[in-house]
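Structure first, then comments.
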Amino acid sequence: MAQPPVLIRQDEVEGLLHYKDLIPRLEVALGKFSKLDSAEVIQPVRTTVPLQKYNGFLGLMPAYLVHEDILCTKLVCFYKRESGSTLPSTQATVLLFDPEYGNVKAVMDGEVITAKRTAAVSAISAKLLMPAKSEVLTILGAGHQALSHYNVFTETFSFKEVRVWSRRKETAERFAQSTQGHVTVWESVEEAVNGADVIVTVTGASEPVLFGQWVKPGAHVAAVGACRPDWRELDDVLMRQAEVYVDSREGAVAESGDIILSGAKVFAELGEVLNGTRPALREKTTVFKSLGMGIQDAVSAKLVFEQWKNKH
């Protein structure tokens, strides 16, 4: 008889999920996904249910990694909030199943998993694509994703300077005060990205906030916001002059407004670079358009559950 599912709270997930363990597992999963072996990785494109009354969507993200025997689904509500709203822009829950019996083994908070696995994949993109001597990191946005990206980028790389910009300066100042290191707050996007080697966009924007004319040639941009076909963070100039990398081609052409509306061509998936089948054009301006995938949640959930079992 199947055991009732365990409930793993947000604070527990935070303490169990570490980048040093997560990044290598995500690299393996991304590589397997890009081999296009449907017998090994089964992941349909995210299904979305519009919540027009609340200007949001419910996304369902199932995945099954056959060799690792991980069956998982994330349910995430995401919203386009008005500036200054105190309501959350995302809420997520992750369900980890026993693939043989079909029962739910664990229900876990999805906010930390989403933030950490997204930031970890952005860090993988930077490891592959950022300039060899990268000294300046700029983060556009100052929410949960900004903090997770700050944490993994400063843990994984050695930047001499970290900058942050947010539409509301007080939000950026709060973010800067909450970090362990020295972060400078900038008044405008143009000033914040001037000369930056790596730029992370984690905004709630639906119109471009980052313009190609401001971006240093050879810089790497990890674009995390704008996860709908009609939302954007980056302008046409940047999208068309950069070499564009994605986590999933199929997801990008269905969901990324930055790619769909600019007509930009996808050069490669990160997994193809990890597999050695496509090059990392580190000397060129690069954009990694992140949309997130169910396999990333699945790998993260399995790691959390393993760590939880070790402690209980």
Checklist outcome for this item: Subset of region 277-312, residues closer than 22 Å to residue 12 by Cβ, out of contact with any Lys or Arg (no Cβ under 7 Å at 6 or more places or on another chain) and among the charged types (D, E, K, R), comes to 302, 306, 309, 311
Next on the checklist: Checking residue 106 against (1) open to solvent by 40 Å² or more (accessible area, probe 1.4 Å); (2) more than 19 Å from the chain's Cα centre (by Cα): exactly one of these is not met. Which one?
Outcome noted: (1)
Checklist entry - Has region 271-282 got at least one residue that is crowded, with 16+ Cβ neighbours inside 10 Å, among the basic types (Lys, Arg), out of contact with any Gly (no Cβ under 8 Å at 6 or more places or on another chain) and free of Cβ contacts under 8 Å to residues at least 24 places away in the same chain? => result yes
Checklist entry - Which number in (1) touching a residue at least 60 places away in the same chain (Cβ under 8 Å); (2) under 20 Å from residue 130 (Cβ atoms); (3) not hydroxyl-bearing (Ser, Thr, Tyr) marks the one condition that residue 231 misses? => result (2)
Item to check | Condition met for residue 233 (within 18 Å of residue 273 (Cα to Cα), of a type in the set (D, E, K, R) and touching a strand residue (DSSP E or B) at 6+ places or on another chain (Cβ under 7 Å)) | outcome: no
Checklist outcome for this item: Over region 253-284, the set of residues assigned to a helix (DSSP H, G or I), at pLDDT 95 or above and in contact with a Leu (Cβ under 8 Å, 6 or more places away or on another chain) is 258, 262, 270, 271, 273, 274
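When you look at residue 305, is it out of contact with any Cys (no Cβ under 8 Å at 6 or more places or on another chain), under 18 Å from residue 18 (Cα atoms), of a type in the set (Phe, Trp, Tyr) and in contact (Cβ under 8 Å) with a residue 12 or more places away in the chain, yes or no? Steps first, answer last, please.
On the way: out of contact with any Cys (no Cβ under 8 Å at 6 or more places or on another chain): yes; under 18 Å from residue 18 (Cα atoms): yes; of a type in the set (Phe, Trp, Tyr): yes; in contact (Cβ under 8 Å) with a residue 12 or more places away in the chain: yes.
Considered against the rule, which asks whether it is out of contact with any Cys (no Cβ under 8 Å at 6 or more places or on another chain), under 18 Å from residue 18 (Cα atoms), of a type in the set (Phe, Trp, Tyr) and in contact (Cβ under 8 Å) with a residue 12 or more places away in the chain, residue 305 comes out as yes.
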Checklist entry - Which residue pairs have Cβ atoms closer than 8 Å, lie 6 or more positions apart in sequence or on different chains, and pair a first residue in region 9-23 that is part of a helix (DSSP H, G or I) with a second residue that is of a type in the set (Lys, Arg)? => result 16/311; 19/116; 22/116; 22/117
Item to check | Residue that is most open to solvent (accessible area, probe 1.4 Å) [pool: residues in region 165-193 that are under 21 Å from residue 85 (Cβ atoms) and part of a loop (DSSP other than H, G, I, E, B)] | outcome: 167
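Any chance region 41-55 includes a residue that's part of a helix (DSSP H, G or I), in contact with a Cys (Cβ under 9 Å, 6 or more places away or on another chain) and either open to solvent by 80 Å² or more (accessible area, probe 1.4 Å) or not polar (S, T, N, Q) (or both)?
Taking region 41-55 first, the residues part of a helix (DSSP H, G or I) are 52-54.
Adding the requirement that they be in contact with a Cys (Cβ under 9 Å, 6 or more places away or on another chain) leaves 54.
Within this subset, residues satisfying the condition of being either open to solvent by 80 Å² or more (accessible area, probe 1.4 Å) or not polar (S, T, N, Q) (or both) are 54.
Checked region 41-55: at least one residue is part of a helix (DSSP H, G or I), in contact with a Cys (Cβ under 9 Å, 6 or more places away or on another chain) and either open to solvent by 80 Å² or more (accessible area, probe 1.4 Å) or not polar (S, T, N, Q) (or both).
Name the single residue, out of those in region 138-164 being assigned to a loop (DSSP other than H, G, I, E, B) and under 13 Å from residue 122 (Cβ atoms), that is most open to solvent (accessible area, probe 1.4 Å).
157
The values are calculated or read from the model by the stated rules, or taken from the named source; none is laboratory data. Just so it is clear, the model here is predicted, and its values are computed rather than measured. FYI the Cβ positions are ideal-geometry reconstructions off the backbone, even for glycines, and counts take in every protein chain you see. We work out accessible area using only protein heavy atoms, side chains counted, and drop any ligands, DNA or RNA first. Shrake-Rupley method; radii C 1.70, N 1.55, O 1.52, S 1.80 Å.
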